[in-house]
Amino acid sequence: MAAIDALQSRQPRTPSLAWEIGALSGFGAVALGFQALPLNAKVKMGLLAMVTIFSTLSDQLTDLEEHDDHYAYIIRRCPVCMGRHSDAPLCEMAGAMLDEGLRWLTQIRYSVIETRCHAAGDDECRFVIAKTPLK
C-alpha cells in the first residue's frame, strides 16, 4: 500500500495524523495506562477504541471481529471509497490509519491488509490485522 509505505519511509520521524488524533481524542493520557498491559490487550483495546471513535464521531460504521491469528476491522459504511469503483481495494488511507494507530499505542508494527472493499464490489471494507507483530 502506497500510503503505508509513505508513512513508514518518512525520515526524520515527525508527528503523524494518528499521533494528533490520539492526543485530541484524550487517548494520549489513557495511553500511559496501556504500558502496563500485555501487548495483545493493548492491540485489542486500541482497535476497539478506533471502532468506537470512528463509529461515534463520523459517518463511518465500523466493527471488529477477533479470530485465532488475526483481527478483522470491518468498515460497513466507508467514507474513503463511498461511490467509487475499482478492480482492487483502494482504502489505503484507512489502512494507514490502522497501521499508524497501532504503532502509536504499541511502538510496534503489525501487518494490515485490506482484503475486501466496497469500491471493488464487496459488501464491506475489511482489513486483516495479524496478531503477531512484524519483525
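Numerical summary
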| item | result |
| --- | --- |
| Segment 29-51 residues that are modelled with pLDDT under 85, paired with ones that are small (Gly, Ala, Ser) (beta carbon under 7 Å, 6 or more apart) | 31/22 |
| Filtered residue count, segment 56-79, keeping only those that are crowded, with 19+ Cβ neighbours inside 10 Å and among the β-branched types (Val, Ile, Thr) | 2 |
| Subset of segment 107-133 (residues that are crowded, with 18+ Cβ neighbours inside 10 Å, of a type in the set (Ser, Thr, Tyr) and not in a loop (DSSP other than H, G, I, E, B)) | none |
| Test: residue in segment 92-106 that is touching a strand residue (DSSP E or B) at 6+ places or on another chain (Cβ under 7 Å), of a type in the set (A, V, I, L, M, F, W, C), modelled with pLDDT of 90 or more and within 24 Å of residue 38 (Cβ to Cβ) | yes |
| Odd one out for residue 12 among (1) part of a helix (DSSP H, G or I); (2) at pLDDT below 55; (3) more than 24 Å from residue 88 (Cα to Cα) | (1) |
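The values are calculated or read from the model by the stated rules, or taken from the named source; none is laboratory data. Model, not experiment: these values are computed from the prediction. Counting neighbours? That spans all protein chains shown, and the Cβs are built from the backbone with ideal geometry, glycine included.
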